[in-house]
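The values are calculated or read from the model by the stated rules, or taken from the named source; none is laboratory data. Treat the numbers as computed from the prediction; the structure is a model and nothing was measured. All Cβ positions, glycine included, derive from the backbone under ideal geometry; neighbour counts span all protein chains shown. When the accessible area is computed, the model is the full protein with side chains, heavy atoms only, and any ligands, DNA or RNA have been set aside. Shrake-Rupley method; radii C 1.70, N 1.55, O 1.52, S 1.80 Å.
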Amino acid sequence: MSKLEARARAAQILAAAVEAARDHGYTRLTRKQVAARIGISASLVPHYMGTMAQLRRRIMREAVRLECLPVIAQGLAVRDPHAMAAPAELRQRAAQHLAQ
């Protein structure tokens, strides 16, 4: 597999992980849930994303980049450092989402 293909696979897994975090909960997310979204083996998730702690960090950074309010709100609830470092306006919108 080329580096480009590896990057594309990692991006695909990260996108699936953000969706799964939105639907299943950021702190309750499993590799199996991520893998099932794109039809790959759960063992490929840590191969491309590292540990669950590393995956959660990447998910939150991506959620902030994409302004995925449900995931950011979950990060704020558990005081995730990346969620807490998001721009104030984005944190406020995510907090409002949490209150709904």
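Scanning segment 84-96 for residues that are assigned to a helix (DSSP H, G or I) and open to solvent by less than 30 Å² (accessible area, probe 1.4 Å) returns LEU90, ALA94. Selection of segment 67-83 for residues being loosely packed, with under 13 Cβ neighbours inside 10 Å and part of a helix (DSSP H, G or I) yields only PRO81. For segment 45-56, a residue qualifies if it is over 13 Å from THR27 (Cβ atoms) and not polar (S, T, N, Q), and the qualifying residues are VAL45, PRO46, HIS47, TYR48, MET49, GLY50.
Among ARG28, ARG61, ARG22, which is closer than 30 Å to GLN96 by Cα, among the basic types (Lys, Arg) and assigned to a loop (DSSP other than H, G, I, E, B)?
Details: ARG61 fails: assigned to a loop (DSSP other than H, G, I, E, B); ARG22 fails: assigned to a loop (DSSP other than H, G, I, E, B).
Criteria check complete, one pass: ARG28.
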